[in-house]
Amino acid sequence: MESFPALVARRDNGQITTAVETLTAADLPPGEVTIRVHYSSVNYKDALAVTPGGGVVREYPVAPGIDLTGEVVASESPEFAVGDLVLAHGYEIGTGRHGGYAEYTRLPADQVVALGSLTPREGAAIGTAGFTAAMSVEALTRWGITADAGPIVVTGASGGVGSVSVDLLAAAGFDVVASTGKPHAADLLTGLGAAEVIGRLPADPHATPRPLNRARWAGAVDCVGGVTLADVLSTLQYGGAVAAGGLTGGAALHTTVMPFILRGVGLLGIESVKMPIGPRRELWQRLGGPLKPGHLAEITHEVDVRDVMTVIDEVRAGRFTGRAVVRVAGGF
């Protein structure tokens with residue numbers, strides 16, 4: 001590994017450009033495990049990393065890609081040996097250190113997860129978005145929401161987190177209502193197990209929000225934030241909860257305490273970036289076993305890393321559906 005290709009983002013005069021560049025081992029940050037990257041994926045945070053004012057990258061230049069799967073090619077850790085198949089995501093990967101859009105990366109051992117029964121492509125297809133979806137579903141079940149409690153709404157259902165959430169919830173027997181602004185995604189969402197597909201929430205985004213609306217949902221996975229999250233909170237049933245892990249609709253939340261003190265609802269924040277490695281590895285083990293999404297093939301599109309900006313442009317425009325797996329080894 002004297003040199004290798006990487007898609008590098010650079011910032012100049014407030015603009016961000018990307019290009020395939022040649023890096024060397026000396027460009028990689030410190031760490032005990034060196035990985036040849038097979039696959040990465042596209043997440044909303046990856047789009048922010050190459051967007052002026054995106055606010056997620058600590059310092060440019062950087063190779064984006066907040067998750068990756070691949071093969072260990074060098075290890076100073078007793079936990080990992082050369083040839084092991086692994087994955088990694090979160091922490092500063094792709095934002096504070098070179099990430100998955102480079103053919104090689106080097107990471108601390110305590111940020112690396114064994115792939116187990118998953119293939120590198122499956123691990124990337126699940127990726128950060130699927131991991132966040134699994135965290136959301138488990139948060140709702142820990143809150144006490146059961147499959148017979150009533151309908152569960154998933155907002156932003158055609159995106160990466162949303163589509164995997166629909167898949168996981170339906171497989172667990174929940175009555176899933178998928179909310180999306182993409183009518184063409186209805187067939188995909190019903191194929192994933194959604195009992196009903198509806199438009200964006202609220203139906204009228206310009207209407208004056210009410211502190212409480214008619215109770216509709218036993219729970220929710222919200223991938224949107226903003227007025228959508230406020231609407232969902234106001235329509236939760238007594239004792240319901242929403243697992244919130246997205247902000248594509250905005251970071252501001254204009255609501256009241258009424259849903260919390262009159263209906264006893266919960267707002268469960270979902271954050272995977274700094275999740276400790278122990279629980280992270282345990283959840284990935286379940287994702288490779290009983291929690292494995294059953295429809296990865298239906299929601300996954302593959303793109304070579306050299307062409308990944310075309311997908312990122314679609315994500316930024318809100319037009320992309322499902323998950324994009326990025327082929328890195330051989331994809332330059």
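The values are calculated or read from the model by the stated rules, or taken from the named source; none is laboratory data. Given the structure is predicted, the values throughout are model-derived calculations rather than measurements. In this analysis, Cβ positions are derived from the backbone assuming ideal geometry, glycine residues included, and neighbour counts consider all displayed protein chains. Protein only, heavy atoms only, side chains kept; ligands, DNA and RNA dropped before computing areas. Shrake-Rupley method; radii C 1.70, N 1.55, O 1.52, S 1.80 Å.
Taken along the Cα-to-beta-carbon direction at a fixed 7 Å, the label points for residue 271 and residue 187 span 4.2 nm.
The trypsin sites (Lys or Arg not before Pro) of segment 183-244 that meet both conditions, a loop assignment by DSSP and at most 14 other Cβ atoms within 10 Å of the site Cβ, are 214.
Contact order for segment 128-267, expressed relative to its length and based on alpha carbon pairs under 8 Å spaced 6+ residues apart, stands at 23 percent. For a modelled paramagnetic label at residue 21, 7 Å from Cα along Cα-to-Cβ, the residues of segment 59-99 in reach, with backbone nitrogen under 12 Å, are 60-64, 98. Comparing 134, 188, 241 along the charge dipole axis of segment 128-267, the residue lying farthest to the positive side is 241, per the Cβ-charge model.
Under 16 Å Cα-Cα from residue 274, which aspartates and glutamates qualify once same-chain neighbours fewer than 8 residues away are excluded? Counting by Cα, and skipping residues close in sequence, residue 274 has these aspartates and glutamates nearby: 67, 92, 110, 282.
Using 14 Å as the cut-off for backbone N distance, which residues of segment 234-264 belong to the label zone defined by a point 7 Å from the Cα of residue 141 along Cα→Cβ? Zone members listed by number: none at all. Rolling a 1.4 Å probe over the protein heavy atoms of segment 128-267, with every protein chain left in place, gives an accessible area that is 58 percent carbon and sulfur. Defining a contact as two alpha carbons under 8 Å apart and six or more residues distant in sequence, what relative contact order in percent does the chain show? About 18 percent, as a whole number.
Per residue, the convex hull spanned by the Cα atoms of segment 104-161 amounts to 138 cubic angstrom. Charge dipole of the chain (Cα centre as origin; +1 on each Lys and Arg Cβ, -1 on each Asp and Glu Cβ, all else neutral): 860 debye, rounded to the nearest 20. The mean accessible area for residues of segment 51-163, using a 1.4 Å probe and ignoring ligands and nucleic acids, is 33 Å² per residue. Sparse packing (at most 11 other Cβ atoms within 10 Å of the Cβ) combined with a DSSP loop state is found for the following GluC sites (Glu not before Pro) in segment 1-55: 2. Dividing the summed -39500 (n - 2.57) terms of all DSSP H runs of n ≥ 4 by the residue count of the chain sets its mean residue ellipticity at 222 nm at -7500 deg cm²/dmol. Of the GluC sites (Glu not before Pro) found in segment 265-332, those in coil by DSSP whose Cβ has at most 11 other Cβ atoms within 10 Å are 271.
Which shape class applies to segment 1-119: rounded if a/c is under 1.5, otherwise prolate when a/b exceeds b/c and oblate if not, where a ≥ b ≥ c are the square roots of the Cα gyration tensor eigenvalues? Because a/c hits 1.5 or more and a/b exceeds b/c, segment 1-119 counts as prolate. Measuring max minus min along each principal axis, the C-alpha atoms of the chain give extents of 63, 45, 35 Å (largest first).
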